[in-house]
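This report concerns only the one structure given below.
Every read-out reported here was derived from the displayed coordinates using simple, explicitly stated rules and does not represent laboratory data. Remember, it's a predicted structure, so these values are computed and weren't measured experimentally. Cβ sites come from the backbone with ideal geometry, for glycine too, and all protein chains shown count toward neighbours.
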Amino acid sequence: MRTRLFLFLSLVTSLHAQDGGQLFTLYCSACHGADGKGATGGTFPPLSQSPWVGGDADRAVKIALKGLTGPVDVLGKTYNLEMPPQGAVLADGQVAAILTFVRSSWGNQAGPVTADFVKTIRTSVNARNTPWTSGEILKLHPLPLEKTALTNLISQVYAGKWSSIPDFSTLKAQNVEEEQDGIITVTDSPLKDDFAMLWQADFSAPADGEYQFFLDADDSGRVIIDGKTVVEVLGAGPMDGSRSKQGKIALNHGPHKFRVEFLELSDKQGITVGWKAPGTKTWKWLSDTTAKPGKNHEPIPIEPVNGRPVIYRNFIAGTTSRAIGVGFPGGLNLAYSADDLAPELIWTGAFIDGALKWLERGTDNSPPAGENVVKLSKSRTLPNEARFKGYKLDSGGNPTFYVQIGGEFLFDSWHAEADKLIRTLTLSGNSSPLEILVSDQLAKNTNDQEYSLGDKIFLRAEHLYPEMRDGKTFLKIPAGQSATLTYRWK
Ligand code: HEC
């Protein structure tokens with residue numbers, strides 16, 4: 001009797017001490033495994049290295065409290081099971097202790113979770129009595145952006161006519177850009193034909209061993225690591241897998257000098273670069289296009305992943321050659337023209353089929369893959385001195401496009417909410433106002449703030465009113481002020 005009481009007391013004490021490891025064993029390990037790799041040989045999803053566990057803790061707390069059901073992608077594998085809610089049996093302090101343990105075990109490196117934080121989340125989701133779906137969670141809390149293995153990526157564009165990849169050391173670049181996303185893409189070039197490009201970066205090798213590299217190009221390309229050519233594709237296109245090559249190199253764990261050379265002769269252009277770490281089976285991509293090595297003519301749908309917008313920097317039919325496509329979760333899409341400094345196309349449904357660009361004869365441009373395409377405008381109206389200064393993504397992956405006009409900046413931020421695209425325009429500085437072309441069509445007032453724009457969308461304006469003249473719609477933004485425009489499909 002005494003011993004049992006003692007055992008019971010020691011269990012109670014350890015629960016009081018909120019030992020996250022012990023609580024994990026009691027409440028989670030049956031399904032997620034003592035090693036966090038998923039019980040019964042991976043039938044259940046892993047918590048070890050899972051992006052669902054890292055980053056902001058809201059996601060993991062909500063799942064622990066209310067459970068999760070339906071398809072969910074974890075580390076490249078899809079599970080379609082149900083996790084029962086644990087919120088009724090676990091106190092705030094216990095959930096906090098378990099997640100603090102999970103977020104700092106098996107290679108996970110995320111910060112601690114407090115009981116107060118769990119309490120706040122519990123209150124906010126109190127009314128919910130069904131498990132989450134992964135879609136619901138991702139809309140609220142997108143997964144942290146997966147970085148490529150490239151850091152300090154610089155792209156350089158060279159204009160000229162060459163018959164083979166030139167010696168870049170003798171040339172002067174006409175365009176240099178820092179690519180913060182670590183992604184190789186030929187849209188960094190303002191030119192369409194007769195140009196060459198050079199990318200230089202640090203490639204971080206995750207382990208010692210033999211690495212494989214994949215390359216396909218339209219037209220010629222070469223991957224060079226620490227001064228050694230690892231793989232090259234020479235001559236003229238296409239980039240449909242028929243000319244793709246693979247190469248191997250032994251690398252030590254740590255950073256290596258990584259260089260990609262590219263030559264565009266004529267017609268279409270593109271480059272696909274991928275790699276495989278030692279002992280792994282899946283290709284990881286360093287470019288905005290991916291391929292199924294060895295297989296030709298597979299469609300390459302480009303779509304949002306992990307609840308984050310996807311960015312596509314390539315030629316998009318219906319806008320200018322330097323276009324930046326954004327596919328938002330929920331099937332709303334945008335093409336921003338870096339030449340005209342304005343959003344030119346918006347549409348619903350599928351975003352872009354990346355394969356069309358190389359496989360369909362006669363098309364140089366991928367058209368929007370979805371429906372209800374609205375052409376907002378097709379010309380440049382900002383002053384001559386206005387320059388495109390790139391875009392940045394916020395923590396949810398939503399873009400802000402930057403335009404510099406003399407000493408002022410125009411910030412053009414976009415995100416999607418349910419069936420609407422929401423755009424916030426902000427003008428910095430304190431000098432003159434800036435007039436923006438909102439549409440080549442005349443918006444018709446339907447009520448106080450909402451306008452009908454063409455036959456497909458409604459436009460809502462907050463803070464400032466659009467001005468209609470010459471059959472077009474404009475918005476005048478005073479310096480230091482913001483305006484919000486909402487585009488809603490009819
Ligand atoms: C009865 C089995 C079971 C238990 C117990 C359980 N889970 Fe899960 N958990 C699952 C399943 C199944 C999924 C995937 C659900 C789906 O397919 O939608 C999941 C998904 C998750 C996910 C998101 C996906 C991932 O792998 O990262 C997290 C985070 C998670 N569980 C945390 C926990 C924590 C923390 C506990 C303990 C408090 C726990 N789970 C207890 C079965 C369980």
Dipole magnitude of the stretch 2-140 about its Cα centre (Cβ charges: Lys, Arg +1; Asp, Glu -1), debye to nearest 20: 220
Helix axis angle, 115-124 relative to the chain longest principal axis, alpha carbon, degrees: 70
Rounded, prolate or oblate (a/c below 1.5 giving rounded, otherwise prolate when a/b exceeds b/c) for the chain by Cα gyration tensor: oblate
Cα-projected label distance for ARG469 with THR40, points at 7 Å along beta-carbon direction, nm: 7.1
Violating pairs (Cα-Cα greater than 25 angstrom) within the set LYS268/LYS378; LYS172/LYS245; LYS172/LYS284; LYS139/LYS281; LYS119/LYS139; LYS147/LYS420: LYS172/LYS245; LYS172/LYS284; LYS139/LYS281; LYS147/LYS420
Between helix 92-103 and the chain: long-axis angle, C-alpha atoms, 0 to 90°, nearest 10: 60
Antiparallel DSSP beta bridges within the chain, as percent of all bridges there, nearest 5: 95
Ascending count of other beta-carbon atoms within 10 Å, so fewest first, for THR151, THR289, THR69: THR151, THR69, THR289
Average Cα contact separation per residue, the stretch 150-294, under 8 Å, 6 or more apart, as relative contact order %: 29
Unit charges at the beta carbon, dipole of the chain: most positive-side option, HIS256, VAL102, PHE195: VAL102
Computed helical MRE - 222 nm, the chain, DSSP H runs ≥ 4 contributing -39500 (n - 2.57), nearest 500: -4000 deg cm²/dmol
Percentage relative contact order, the chain, counting C-alpha pairs under 8 Å, at least six apart: 8
Taking the stretch 302-489 and dividing mean pair separation by its residue count, relative contact order in percent (alpha carbons under 8 Å, at least six apart): 15
Karplus-derived 3J(HN,Hα), 6.51/-1.76/1.60, for each residue of the stretch 77-91, Hz, glycine and proline x: 10, 9, 10, 9, 10, 9, 9, x, x, 10, x, 6, 9, 10, 6
